[in-house]
Amino acid sequence: MDQFLFFLVAFLAVASAVYFVFARNPLYAILSLIVTMFSIAGMYILLNAQFLAIIQIIVYAGAIMVLFLYILMMLNLNKQDESKKSNTLKFVGVFTAGLVLIGVLGVFRGIQQNQIVVENADGSVGLTKNLGRLLFNEYVLPFELASILILAGIVGAVLIGKKDL
């Protein structure tokens, strides 16, 4: 069942990424990129890495894609504004995609030859509870220093953005 879900989510991620590349409308391209980001988050959940899945959804599918959509709406791109791509760029894209395909096939060939058997695999490897315990026990000082640095960045952004303060 897990393998079926993995292939389903992987197919959705690859299909939406391919649609992103070939979409004529930039709005549909960004929406397909959001589907790709959610699919990658689904893969993280299947790998038992819930924290990475949540961060993937919040940061990439949430914040960055909303920013892309906002910029796209502000630019107000029309079909008259879009220029035609030259044949050289299309050839370079097809050549690069062929190189990536050769690399992926080589990786799959290497994986089939070197099968690694995982013994004593623990199911709690990617759990958020373990990450929180490690973060607040062993790495509490770097965590607090990072929060102070983020707070200083937020205060600086507010001061730069608001001229009459």
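Brief remarks on what is shown
- The range 1-77: radius of gyration over Cα atoms, expressed as a fraction of 2.2 N^0.38 Å: 1.18
- Highest to lowest packing among 37-45, 147-155, 60-68, scored as the average C-beta count within 10 Å: 37-45, 60-68, 147-155
- Residue separation of Leu127 and Arg24 scaled by 0.36 nm, minus their Cα-Cα distance, works out to 33.1 nm of gained length.
- Under 16 Å from the Met73 label point (7 Å along Cα→beta-carbon), backbone N, the range 8-27: 26-27
- Inter-label distance for Ile150 and Val94, nm, one decimal - labels placed 7 Å from Cα along Cα-to-Cβ: 4.7
- Each peptide among 93-106, 21-34 gets the average number of other Cβ atoms lying within 10 Å of its residues, and from highest to lowest they stand as 21-34, 93-106.
No lab work stands behind these numbers, since they all come straight from the coordinates. From a predicted model like this one, the values you see are computed outputs, not experimental measurements. Note that each Cβ is placed from the backbone with ideal geometry, even for glycine, and that neighbours are counted across all protein chains shown.
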